[in-house]
Structure formats: C-alpha cells, structure tokens
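The values are calculated or read from the model by the stated rules, or taken from the named source; none is laboratory data. No experiment lies behind these values; they were computed from the predicted model shown. Here the Cβ positions follow ideal geometry from the backbone for every residue, glycine too, while neighbour counts run over all protein chains shown.
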C-alpha cells in the first residue's frame with residue numbers, strides 16, 4: 001500500500017506556513033475556538049466499529065474543505081453512495097478564501113446552499129490602489145446585470161464550509177467521517193483501497209473512484225507519488241483577520257509603499273461580522289515568529305487601521321505564494337480537485353477556491369453518470385480536458401498579478417515603478433496596475449463534449465459557456481431565474497416555441513439520461529403550456545434568441561450546443577455523444 | 001496633436017506587460033536596460049510626429065520617482 005511521504009493537512013486550501021490565533025493552546029492543529037462572531041463547531045466523530053465503516057463505496061472524497069464538501073453534496077443529491085473523510089472535525093482556521101465568485105454562488109445555489117451564504121456575506125463595490133501617499137487607481141465593481149448574485153460575495157471560508165456542512169445534514173445518504181485520516185492508498189484497475197486511521201483504530205475501505213480534495217499538500221497525491229510541478233516564490237506575507245467596528249467604507253484598499261508601513265504592500269478588505277482581512281508583505285528573510293509576535297502585529301494593524309486601537313486580532317498567519325499544477329487531474333481511478341490539482345497565488349483574484357468549486361461542479365455529474373451506468377467511462381477523461389486548461393489560464397494570470405505586486409528583478413521593478421508613477425498623470429497607465437484580476441468566466445473552450453456551432457451565433461453563450469443568468473417569470477407572474485431552471489439534467493431551453501411540442505418531442509427520443517425541457521417566450525407573447533416569460537428581454541439579448549432558437553445545457557449548467565431550430569434528433573445525438581457514445585443516438589438505441 | 005494619455009479600448013495591457021517583463025528574463029541588468037532602450041528607439045522610429053516624441057520624453061523625464069529603492 002502506497003503511503004504518503006508525510007502527513008499533510010486534509011484541508012489545506014491555503015498556503016499557510018505558520019498560524020496563530022487568539023485562543024487557548026491545546027486545540028488540534030491550532031484551530032481557533034471562536035473567530036469574531038463565528039464559533040468553531042466540533043463535528044461528531046463516530047467511533048469504530050460502526051456498521052457502515054468498511055465495505056465498498058462508489059466514491060470516496062478525501063478532504064472536507066469547501067471543494068470536497070461541494071463535490072460530496074452534489075454526488076449525494078444525485079444518489080451516489082459516497083463517503084467523505086477528513087482528518088479534522090471542524091472547519092478551516094481563518095478566513096482564507098474570501099472572494100466567492102458569482103459563478104461559485106450559482107453552483108452553490110444549484111446545490112441548495114447559497115441562501116445562508118448570501119445572507120451572511122457582504123459585497124464591496126469600490127476599490128482603490130495607492131502608491132505612497134497618492135491614490136493611483138479607483139474602480140467600481142459594477143453590479144452585473146441579469147444575476148441575483150454580485151460579481152463576488154465576501155465570505156470567509158470557515159462560514160462557507162460551515163454552511164456546506166449544514167447542507168450535508170439534509171442529505172442522509174452522505175457519510176461524513178470526521179477525524180478519519182488517510183494513511184495509504186492502493187489503486188488497481190478495478191478500484192481503490194484506502195487505509196484510514198481514526199482515534200480508535202485503523203480500517204480499510206474500498207471505492208470505485210476516489211476524489212482528492214485534500215489541499216495543496218495532498219496526501220493522496222503524495223501517496224501516489226505524483227508530481228506537482230511549479231515554483232514557490234520567495235515573497236512572504238502576514239495575513240490577519242481583524243475585528244474592528246470602525247466605520248471605514250466597505251472598500252478594498254491596496255497600498256504599494258504605504259507611508260504607514262516600512263514594507264512593499266498592504267491589503268485591507270472588508271468581510272462580514274466587522275472583520276477586516278489585512279495582508280502585509282514582510283521581508284523574505286524575516287524571522288516569522290517575530291513577525292507574528294502579538295505586540296508587533298498589534299502595532300502594524302494599528303497603523304493600517306488609521307491609528308485605531310479598538311480592534312482585536314482574531315487570527316494571524318503567514319503565507320508564501322506557490323504556483324503549481326498537476327500534469328493530469330485524473331490518474332486512473334483517482335481525480336484531483338481544487339488546490340490538490342492546482343495552486344495559485346492568493347493575489348490571483350480569488351482563483352483558488354473558486355476554480356476548485358468549478359472542478360467539483362464539473363466532476364460531480366460525470367462521476368454520477370458513470371456510477372449510475374448512464375455514461376461511458378471515457379466521459380471522465382473530459383474532466384481533465386476541460387478543467388486543466390482553465391487552471392493553466394488561471395496560473396498564467398496569477399503569475400502576472402504576482403509579478404506586478406512583487407517584481408522579481410530590477411528590470412521588472414523598473415516597469416512596476418514606471419507604471420505607478422505614470423498612473424498619477426497618465427490614465428492609460430492605470431490599466432497596467434495589476435493587484436489581482438477577477439478570474440475569467442470559466443468557458444470550457446477545449447471541451448471535447450461541446451457541439452460546434454453550425455448556425456450563425458455571436459461568441460457570447462458559445463458552447464462551453466456557463467449559464468448566463470437572466471430573470472424570468474412563470475406564467476402566473478412569479479419571478480424565477482434561468483439558473484433555477486437548468487442544471488442536474490441535460491436541459492433543452494427553447495425560445496418562442498410551444499412548450500408542449502418541445503417536451504413531447506423530447507419524450508420520444510431515447511437517451512440514457514434525463515433531458516428536461518424549458519420553454520421561454522418574449523414578454524407579452526401569448527403563452528400556452530408551461531412557458532417562462534423573458535420579462536426583461538435578457539435571455540433574448542444574451543443568447544441572441546429568436547423564434548426556434550434552442551440551447552442545450554449540461555447538468556453543470558454549461559452550454560453543450562445551440563441551434564436556430566429545434567430538432568429532437570440533434571439533441572439526442574449531442575447528449576449521447578457527450579455521454580461517451582461515440583456513434584450517437586443510433587448506437588445507444590441499439591444497445 | 002498632443003500625447004495620448006487615455007487607454008485605448010480593449011488594449012491587452014496584461015499581455016503587453018508580461019512581454020515587457022519577459023524582455024529582462026535571463027539577462028543581466030545591463031542587457032535588460034539595453035533591451036528597453038532599444039525598444040524605445042524602435043518605437044520612436046514608428047512615430048512621424050516628432051513633437052509627440054519630445055513631449056513623451058519630457059513627461060518621462062519629469063515623472064516623480066517610483067517607489068522605494070529597487071530590489
């Protein structure tokens with residue numbers, strides 16, 4: 001049985017080197033007991049032997065961080081027999097991944113988790129970048145039209161995980177095993193055997209498939225001896241969650257060469273519960289223990305908070321950026337998701353956590369389809385084909401931000417300085433200031449599943465695009481959203497066609513996967529059957545829809561294909577091919 | 001005609017910046033400075049309006065110094 005080289009933390013989504021919290025000593029892995037208004041839960045450990053401990057499962061997910069929880073919830077909702085193990089019994093320490101992107105919230109909405117997150121999270125819309133005493137860039141994050149969620153929601157990772165765990169309690173089929181630590185793993189052509197330690201005993205379970213969502217220091221990856229290629233940068237940062245009731249505007253502030261700190265950069269971002277995320281760069285050669293000493297941290301935070309002293313440092317840690325990528329996100333029966341598969345700089349615009357959630361979203365329906373016998377196993381290869389190019393783009397963008405923030409040479413420093421100086425007098429230079437771009441919309445450009453356009457369409461909403469949400473209304477006038485209508489099944493969205501005709505035609509075709517129909521019509525158009533009204537015309541605009549336009553959405557809400565006319569056989573062929581039946585519906589019908 | 005200081009629409013700033021930084025990769029400081037100077041001269045050679053060139057030189061020369069001492 002392959003064993004990991006060293007024990008690693010199952011929920012290491014961040015890149016923490018050291019961690020301190022304002023709490024009594026003695027807790028496992030320095031987990032805080034309380035952070036601001038958030039009280040750390042202790043989830044129940046079930047001592048062995050319990051009747052379900054051993055046996056064979058369809059899927060074992062390793063790591064109950066935000067990625068592992070999301071994936072396990074999705075699988076459980078789809079009826080897949082799934083075990084989720086984690087070597088801890090609570091949620092992540094510190095705020096960590098705080099920028100939850102709109103797409104991420106849409107995924108959690110599909111899983112029934114978004115509502116409490118939306119209530120608890122906050123959103124800021126203004127940001128400023130300063131150079132010395134000058135403000136060189138101010139920007140507004142305009143609310144994106146057509147979505148119920150803002151561009152991102154600021155919500156600490158511990159809250160996210162807490163709400164996800166709460167959701168798991170509504171899914172009796174999901175078996176979460178806290179304080180269960182993976183110690184070894186053996187993979188054959190038919191399955192995977194996992195060796196697990198608990199506080200009481202060790203045991204083994206077998207799985208058809210394993211998903212490693214166990215963070216950047218993945219135990220699974222280590223056990224399989226797989227490389228995680230990339231580099232670790234020299235730059236070091238202190239990161240702190242600080243509770244302060246100051247009436248600072250809810251704005252992001254980023255300083256280069258701040259007048260109040262003898263270091264290169266400082267970041268201050270608001271969170272909920274009056275918590276401020278504050279990062280400051282320290283000398284790479286600095287004594288980290290000294291940098292985390294309460295008196296020094298207190299002094300620095302005081303200056304960053306404009307001299308205020310009425311604050312409490314709730315959690316403080318250091319991190320060093322790493323850029324790493326696996327060469328394949330699938331190795332036999334094991335899949336890698338989130339930080340276990342790719343690692344970006346935290347200044348990458350919230351790419352780490354968000355792309356991990358997209359990984360889970362992409363993988364869950366495919367695993368479920370294969371487990372249920374509705375898809376050919378080769379469908380699972382598309383997980384790597386679709387998600388790794390996105391990770392590569394995120395990695396490249398993350399490197400660009402990191403290079404601007406922390407130049408690595410005199411040459412790079414000169415451009416950095418020139419841009420910041422020029423930005424004070426020449427507006428064009430502001431566009432070069434890069435303190436972290438928002439992650440690109442995760443279009444699956446290289447998807448082997450997508451059906452290439454045969455009709456004339458604009459690029460927006462092209463195959464591979466995640467659903468572009470828009471407000472709709474039911475026949476009796478109740479508001480709804482497109483994201484509520486698509487997902488979990490393949491969904492045909494037709495425009496301006498009689499709902500019953502489309503639904504009836506789809507019932508006639510033979511496909512080994514549910515295909516639902518959603519009919520949309522222009523506002524004011526006479527509607528018969530279950531037709532949704534495009535109340536603001538947003539669907540017609542975003543999808544360039546005219547009478548007969550038909551979109552086919554995948555279970556993860558990405559566009560699979562689109563046509564100017566509705567043809568059930570075309571739909572059947574697209575779905576069958578996506579599920580891995582190479583010859584399409586004819587082949588499948590013959591099976 | 002005076003110096004354009006507004007950003008053109010859709011300009012690929014991050015890609016351009018990346019290429020500029022890549023000019024200095026695996027080069028000594030002197031080589032990197034030489035490459036930047038060569039780039040400036042090449043670009044000036046594309047501009048017919050010399051008054052723009054002089055204006056740009058003037059602006060660059062009088063910019064406030066940027067940041068702390070270089071790495």
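Which members of the stretch A:408-420 meet the condition of being within 7 Å of another protein chain (Cβ to nearest Cβ), surrounded by fewer than 21 Cβ atoms within 10 Å (Cβ to Cβ) and either outside any helix (DSSP H, G or I) or in contact with a strand residue (DSSP E or B) (Cβ under 8 Å, 6 or more places away or on another chain) (or both)?
Within the stretch A:408-420, A:409 is the sole residue that qualifies.
Could you check the stretch A:110-159 for strands (runs of 3 or more DSSP E) lying wholly inside it with 1 or more residues that are without any contact (Cβ under 8 Å) to a residue 60 or more places away in the chain and closer than 24 Å to residue A:70 by Cβ?
Correct list: A:152-154.
Confirm whether residue A:424 is at the interface with chain B (Cβ under 9 Å from one of its Cβ atoms), farther than 20 Å from residue A:460 by Cβ, out of contact with any helix residue (DSSP H, G or I) (no Cβ under 9 Å at 6 or more places or on another chain) and not in a helix (DSSP H, G or I).
yes
Looking only at the stretch A:185-233, count every residue that is touching a helix residue (DSSP H, G or I) at 6+ places or on another chain (Cβ under 6 Å) and within 14 Å of residue A:87 (Cα to Cα) and tell me the total.
5
Take the residues of the stretch A:95-109 that are touching a strand residue (DSSP E or B) at 6+ places or on another chain (Cβ under 7 Å) and outside any loop (DSSP other than H, G, I, E, B): which is surrounded by the fewest Cβ atoms within 10 Å (Cβ to Cβ)?
A:102
Return yes when residue A:386 is assigned to a strand (DSSP E or B) and surrounded by 16 or more Cβ atoms within 10 Å (Cβ to Cβ) and no when it is not.
Judged against the criteria, residue A:386 is not a match.
Return a yes/no flag: does the stretch A:47-69 have any residue that is in a loop (DSSP other than H, G, I, E, B), at pLDDT below 90, crowded, with 18+ Cβ neighbours inside 10 Å and in contact with a helix residue (DSSP H, G or I) (Cβ under 9 Å, 6 or more places away or on another chain).
No; the residues of the stretch A:47-69 include none that is in a loop (DSSP other than H, G, I, E, B), at pLDDT below 90, crowded, with 18+ Cβ neighbours inside 10 Å and in contact with a helix residue (DSSP H, G or I) (Cβ under 9 Å, 6 or more places away or on another chain).
Can you tell me which condition residue A:528 does not meet? The list is (1) touching a strand residue (DSSP E or B) at 6+ places or on another chain (Cβ under 9 Å); (2) surrounded by fewer than 19 Cβ atoms within 10 Å (Cβ to Cβ); (3) in contact (Cβ under 8 Å) with a residue 12 or more places away in the chain, and all the others hold.
That leaves (1) as the condition not met.
Go over the candidates A:364, A:375, A:369, A:360 one by one and state the one that is out of contact with any strand residue (DSSP E or B) (no Cβ under 7 Å at 6 or more places or on another chain) and in a loop (DSSP other than H, G, I, E, B).
A:375
Among the residues of the stretch A:70-92, write down those that are touching a strand residue (DSSP E or B) at 6+ places or on another chain (Cβ under 6 Å) and either free of Cβ contacts under 8 Å to residues at least 60 places away in the same chain or not in a helix (DSSP H, G or I) (or both).
Selection gives A:80, A:81, A:82, A:83, A:84, A:85, A:87.
Which residues, taken from the stretch B:7-32, are in a helix (DSSP H, G or I), within 19 Å of residue A:437 (Cα to Cα) and at the interface with chain A (Cβ under 7 Å from one of its Cβ atoms)?
B:13, B:14, B:17, B:18, B:20, B:21, listed by residue number.
Out of A:277, A:243, A:252, I need the residue that is away from chain B (no Cβ under 14 Å), assigned to a strand (DSSP E or B) and under 21 Å from residue A:400 (Cβ atoms). Which one?
Just one listed residue meets the conditions, A:252.
With the checklist (1) in contact (Cβ under 8 Å) with a residue 40 or more places away in the chain; (2) surrounded by 21 or more Cβ atoms within 10 Å (Cβ to Cβ); (3) within 24 Å of residue A:78 (Cβ to Cβ) in hand, flag the one item residue A:405 doesn't pass.
It is condition (3) that residue A:405 fails.
So, in the stretch A:432-442, exactly how many residues are surrounded by 19 or more Cβ atoms within 10 Å (Cβ to Cβ) and either touching a strand residue (DSSP E or B) at 6+ places or on another chain (Cβ under 8 Å) or at the interface with chain B (Cβ under 7 Å from one of its Cβ atoms) (or both)?
Number satisfying all stated conditions: 5.
For residue A:456, indicate whether it is assigned to a loop (DSSP other than H, G, I, E, B), touching a helix residue (DSSP H, G or I) at 6+ places or on another chain (Cβ under 6 Å) and touching a residue at least 24 places away in the same chain (Cβ under 8 Å).
no
Has the stretch A:501-513 got any residue that is within 30 Å of the chain's Cα centre (by Cα), at pLDDT below 95 and either farther than 28 Å from residue A:374 by Cα or in a loop (DSSP other than H, G, I, E, B) (or both)?
There is at least one residue in the stretch A:501-513 that is within 30 Å of the chain's Cα centre (by Cα), at pLDDT below 95 and either farther than 28 Å from residue A:374 by Cα or in a loop (DSSP other than H, G, I, E, B) (or both).
Run residue A:225 past the list (1) closer than 20 Å to residue A:337 by Cα; (2) in a strand (DSSP E or B) and report the number of the one that doesn't hold.
Going through (1) closer than 20 Å to residue A:337 by Cα; (2) in a strand (DSSP E or B) one by one, residue A:225 breaks only (2).
Please work out which one of (1) in contact with a helix residue (DSSP H, G or I) (Cβ under 7 Å, 6 or more places away or on another chain); (2) more than 11 Å from chain A (Cβ to nearest Cβ); (3) in a loop (DSSP other than H, G, I, E, B) is the condition residue B:46 fails and give its number.
Of (1) in contact with a helix residue (DSSP H, G or I) (Cβ under 7 Å, 6 or more places away or on another chain); (2) more than 11 Å from chain A (Cβ to nearest Cβ); (3) in a loop (DSSP other than H, G, I, E, B), only one is false for residue B:46: (1).
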